[in-house]
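Below: the structure, in structure tokens.
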There are 2 protein chains.
Amino acid sequence: MTADPWADLLAADRSLLDRTSTAERVADLLRQRVIDGALAPGTRLSEESAGRALAVSRNTLREAFRLLVHERLLVHEFHRGVFVRVLSDEDVIDLYRIRRLLEISAVRRAGRAPAGLVAAVDQAVTEGERAATEERWWDVGTANMRFHEALAALAGSPRVNETMRRLLAELRLAFHRMSRPRELHEPYLKPHREISNLISAGRVQDAADRLEGYFDAAEAQLVAAYRSYTPE
Amino acid sequence: MTADPWADLLAADRSLLDRTSTAERVADLLRQRVIDGALAPGTRLSEESAGRALAVSRNTLREAFRLLVHERLLVHEFHRGVFVRVLSDEDVIDLYRIRRLLEISAVRRAGRAPAGLVAAVDQAVTEGERAATEERWWDVGTANMRFHEALAALAGSPRVNETMRRLLAELRLAFHRMSRPRELHEPYLKPHREISNLISAGRVQDAADRLEGYFDAAEAQLVAAYRSYTPE
DNA sequence: AGATAGAGAATTGTTGAACAATCCTGCAAT
DNA sequence: ATTGCAGGATTGTTCAACAATTCTCTATCT
């Protein structure tokens, strides 16, 4: 019962010890496929074929499905199966609503944030700019999301981080409905750069105000785009 | 394929049509028991005994467990079982951090909120005051939570509502570690009343500022209390 | 032609049993 | 007091079975 100072160090490594169930790994895999668009919104995932493809039993697969349904990446219709989520207009609006709350609040309190978190914001913007010069538009979108994730991370809250990660994964579902990734992502590079510079300069209130206006414009534009792309 | 105005009304009732799996109902039940404290933090829920008690198979039970683990009410240790979550000090601090973000932002934008949502805030406070005069201290705590839920609801976002509901359920885990429900909940009645009145009066900025100060005090106090109650 | 009904197939919901992998318990040995 | 080691208990995962529900296709009717 002695106090072991090194024990805490080891405890941190415990997570790497491969201690994850197959259900979780299946969920990780499916989540990735939904995010990168290999599984398009609306696709039905039957237990039988998915189970055969991944070589796991139906029960294990169902556990994985439950996780992703809870993350809103899949929807579960009783006795009908699970489908990759199709976002409605209201969903996209709502995603922006909650992101606005979290990000603006986080930026407004960014004065307390450690330097590393501020640097991460700048880094995400830089990464987006580089991807843009190389015309990798999907990567620009990814970098843009990392930017917003970094903004929320300024709050220094694990739960905020996880909430943001899930929201952004959900937002990917909207992107997959739209073609023209360049028109979709490029316009945001400049405002992102401005906001990042304001934060780096310590002018967090100005940054928050700028972000507020940014959201008004971005939300309106994306919703309009999403609506116009909607088929049926 | 005609436009049916009444079809939407019916569609809303579809959810009442009992179309829920047993796993979900088991999860609902367990969630309730965790929230009301019948299952104390740290309790181990073995698959065998829980399954026998609820008369469901292990597979179904495991699906329910997955849901509650995802909601952070249970923790799952590989090959060891599931336990009712024990919140750490950091968890309590983090819960307050994210609540602060959501609630303050929601209040700050409460000008756009419909009157019904504002009324709900007042109603929650009134309910708490009544419970206090009747010395039902646990109910005072419940009403206090409903107050905070109503504040977040001012944002008018389904996702914010759900996030708050989960966060408050998680916070219940902290309360169960503490005795003295009166000392825990009573002090907040007065500030809640003040904030509610400010919002009703349309002075949302003042309310947000007041809430900010409230959080500083409440968080410090609860964390101190939680720490002192912590056994082992 | 188009709508409707109904039989049969396919899929999901749930259970129970089985076995492997891992953890826990208690005792012996040092 | 700590370590090593069996044996038992619990979880992880699969499989097979059946009930409940939905889907599909054809026959029927107007």
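The table for this structure:
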{"item": "Residue among A:VAL140, A:VAL204 that is over 19 Å from the mean Cα position of the chain (by Cα), of a type outside the set (Ser, Thr, Tyr) and surrounded by 19 or more Cβ atoms within 10 Å (Cβ to Cβ)", "result": "A:VAL204"}
{"item": "Answer residue from region A:76-101, given it is farther than 30 Å from B:GLU63 by Cβ and facing chain B (nearest Cβ under 8 Å) and is surrounded by the most Cβ atoms within 10 Å (Cβ to Cβ) among those", "result": "A:LEU101"}
{"item": "Condition broken by A:SER157, with the remaining ones in (1) surrounded by fewer than 20 Cβ atoms within 10 Å (Cβ to Cβ); (2) within 13 Å of chain B (Cβ to nearest Cβ) satisfied", "result": "(1)"}
{"item": "Residues (among the small types (Gly, Ala, Ser) and either within 16 Å of DNA strand D (Cβ to nearest atom) or in contact with a strand residue (DSSP E or B) (Cβ under 6 Å, 6 or more places away or on another chain) (or both)) located in region A:73-110", "result": "A:GLY81"}
{"item": "Tabulated pairs, region B:179-208, first closer than 25 Å to B:SER105 by Cβ, second buried (at least 17 other Cβ atoms within 10 Å of the Cβ) and of a type in the set (S, T, N, Q), C-beta under 8 angstrom, 6+ apart or interchain", "result": "B:HIS185/B:ASN144; B:TYR188/B:ASN144; B:LEU189/B:ASN144; B:HIS192/B:ASN144"}
{"item": "Tally, over region B:43-83, of residues that are assigned to a helix (DSSP H, G or I) and basic (Lys, Arg)", "result": "4"}
{"item": "All positions within region A:36-50 that are away from DNA strand D (no atom under 13 Å from the Cβ) and not small (Gly, Ala, Ser)", "result": "A:ASP36, A:LEU39, A:PRO41, A:THR43, A:LEU45"}
{"item": "Index of the failed condition, B:GLU63 passing every other in (1) buried (at least 16 other Cβ atoms within 10 Å of the Cβ); (2) at the interface with chain A (Cβ under 10 Å from one of its Cβ atoms); (3) more than 26 Å from A:HIS76 (Cβ to Cβ)", "result": "(3)"}
{"item": "Of all residues making up region B:160-178, the number that are of a type in the set (Ser, Thr, Tyr) and away from chain A (no Cβ under 14 Å)", "result": "0"}
{"item": "Failed item in (1) at pLDDT below 95; (2) within 30 Å of B:TRP137 (Cα to Cα); (3) within 16 Å of DNA strand C (Cβ to nearest atom), with B:GLY37 passing the rest", "result": "(3)"}
{"item": "When residues of region A:143-154 are limited to those that are under 20 Å from A:ALA131 (Cα atoms) and hydrophobic (A, V, I, L, M, F, W, C), the one nearest to the other protein chains (Cβ to nearest Cβ)", "result": "A:LEU151"}
{"item": "Per-region count, region B:102-137, residues more than 14 Å from chain A (Cβ to nearest Cβ) and not in a helix (DSSP H, G or I)", "result": "4"}
{"item": "Failed item in (1) small (Gly, Ala, Ser); (2) surrounded by 15 or more Cβ atoms within 10 Å (Cβ to Cβ); (3) within 16 Å of DNA strand C (Cβ to nearest atom); (4) touching a residue at least 24 places away in the same chain (Cβ under 8 Å), with B:ALA106 passing the rest", "result": "(3)"}
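The values are calculated or read from the model by the stated rules, or taken from the named source; none is laboratory data. If you're wondering where the values come from, they're calculated on a predicted model, not measured in any experiment. Heads up, the Cβs are rebuilt from the backbone with ideal geometry, glycines too, and the neighbour counts pull from every protein chain shown.
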